[in-house]
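**Student:** Mind having a look at this structure? Questions to follow.
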Amino acid sequence: MFLKTYCRIQQALQWWFSRQSLKLFIEAKKIHDGLLQESFTIRRSLDLLAQDNLSLTINKTREYLKQADNFHHALVQLSDRLFPAYIQDSLPLALECLLEPWLTSNSHLCFHFDIPPYWRYEPAEQSLIVLRALEELLILTLSHVSVPTSIFISLKQQKNMGQLMVQITYPDQSTVIFYSTLRELKYLCESFRFLTSGTCFCRKQNLSITCYFYW
């Protein structure tokens, strides 16, 4: 029994680490293919300015300003992905920032929230695990969904415990069965339990999958 439990936790943590490693790889690739190329373009533009004796037109000035603004915006986004905004001060605000891209780029997903404006103090590293767990859950259960789907997310404090509840309602039974039986969902729950000393479990009922995170 001990060996089976050990192997299960080991597989879950290996899965968690591989997912976080993949995220870092993707961010590094974005820097290499995007930000570094953009910085080279800006640097080259400045070289050309020097050669042209600063003979700028209004359109050229606007073009360079736009490049600089885009570069700045990309850096802000990168910073938030590596260490989410507000996470040291407010878990509810950090959750809202995490969910914003899902809201703006997925018109077929209908989100509903019950998130308090204030939250207890807790270490940023613990809040980060909660955010990463939510992010992984959404990626696992929604990334390849192209039909109208409803998501309800609730954050509550019960005495000295935090509770994050995510209920996803799909349009048909076959989709529910597919996502509810994902092996990765079990890995996610095991990883969360081990990393937070809390608990996590998912339930399937009718057309919904409901996942609970307690820490």
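**Student:** Which one of Leu65, Leu95 is under 30 Å from Glu38 (Cα atoms), loosely packed, with under 11 Cβ neighbours inside 10 Å, out of contact with any helix residue (DSSP H, G or I) (no Cβ under 6 Å at 6 or more places or on another chain) and not hydroxyl-bearing (Ser, Thr, Tyr)? Write out each step before concluding.
**Tutor:** Working: Leu95 fails: loosely packed, with under 11 Cβ neighbours inside 10 Å.
Of the residues listed, the single one that is under 30 Å from Glu38 (Cα atoms), loosely packed, with under 11 Cβ neighbours inside 10 Å, out of contact with any helix residue (DSSP H, G or I) (no Cβ under 6 Å at 6 or more places or on another chain) and not hydroxyl-bearing (Ser, Thr, Tyr) is Leu65.
**Student:** Would you confirm, using the coordinates I've provided, whether Cys200 is assigned to a strand (DSSP E or B) and over 17 Å from the mean Cα position of the chain (by Cα)? Steps first, please.
**Tutor:** Working: assigned to a strand (DSSP E or B): yes; over 17 Å from the mean Cα position of the chain (by Cα): yes.
It is true that Cys200 is assigned to a strand (DSSP E or B) and over 17 Å from the mean Cα position of the chain (by Cα).
**Student:** Which ones in the range 164-207 are touching a helix residue (DSSP H, G or I) at 6+ places or on another chain (Cβ under 7 Å) and small (Gly, Ala, Ser)? Quick ask: steps written out before the conclusion?
**Tutor:** So in the range 164-207, the residues touching a helix residue (DSSP H, G or I) at 6+ places or on another chain (Cβ under 7 Å) come out as 164, 166, 168, 170, 179, 182, 184-185, 187-188, 190-192, 194-196, 198-202, 204, 207.
Within the range 164-207, Ser191, Gly198 meet the criteria.
**Student:** Same structure again: Six or more apart or on different chains, Cβ atoms under 7 Å: show the pairs whose first residue is in the range 125-142 and over 18 Å from Glu184 (Cβ atoms) and open to solvent by 10 Å² or more (accessible area, probe 1.4 Å) and whose second is in a helix (DSSP H, G or I) and modelled with pLDDT under 95.
**Tutor:** Short answer, once both residue conditions are applied: Gln126/Thr196.
**Student:** For the range 19-45, how many residues are surrounded by 11 or more Cβ atoms within 10 Å (Cβ to Cβ) and among the small types (Gly, Ala, Ser)?
**Tutor:** Going through the range 19-45 one residue at a time, the tally reaches 3.
**Student:** For the range 195-213, how many residues meet the condition of being surrounded by 14 or more Cβ atoms within 10 Å (Cβ to Cβ), among the small types (Gly, Ala, Ser) and modelled with pLDDT under 95?
**Tutor:** Residues meeting the conditions: 1.
**Student:** Being of a type in the set (S, T, N, Q) and open to solvent by 40 Å² or more (accessible area, probe 1.4 Å) is the filter; apply it to the range 143-169 and report the residue that is farthest from Leu93 (Cα to Cα).
**Tutor:** Selected residue: Ser146.
**Student:** Which of the residues spanning the range 1-18 are under 23 Å from the mean Cα position of the chain (by Cα), more than 18 Å from Leu128 (Cβ to Cβ) and free of Cβ contacts under 8 Å to residues at least 24 places away in the same chain?
**Tutor:** Gln14 - this is the single residue of the range 1-18 that is under 23 Å from the mean Cα position of the chain (by Cα), more than 18 Å from Leu128 (Cβ to Cβ) and free of Cβ contacts under 8 Å to residues at least 24 places away in the same chain.
For every residue, the table says whether it meets (1) at pLDDT below 95; (2) within 22 Å of Leu103 (Cα to Cα); (3) more than 15 Å from the chain's Cα centre (by Cα).
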site	(1), (2), (3)
Leu134	no, yes, no
Ile139	no, yes, no
His144	yes, yes, yes
Gln167	no, yes, yes
Val176	no, yes, yes
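**Student:** While we're here: Kindly check whether there is at least one residue in the range 116-123 that is touching a helix residue (DSSP H, G or I) at 6+ places or on another chain (Cβ under 9 Å), among the acidic types (Asp, Glu) and buried (at least 17 other Cβ atoms within 10 Å of the Cβ).
**Tutor:** No, the range 116-123 contains no residue that is touching a helix residue (DSSP H, G or I) at 6+ places or on another chain (Cβ under 9 Å), among the acidic types (Asp, Glu) and buried (at least 17 other Cβ atoms within 10 Å of the Cβ).
The values are calculated or read from the model by the stated rules, or taken from the named source; none is laboratory data. As the structure is a computational prediction, the values presented were derived from the model and not from experiment. Because the Cβ atoms are built from the backbone with ideal geometry, glycine has one as well, and the counts that use them run over all protein chains shown. Quick note on the areas: whole protein, heavy atoms, side chains included, nothing else; ligands and nucleic acids left out. Shrake-Rupley method; radii C 1.70, N 1.55, O 1.52, S 1.80 Å.
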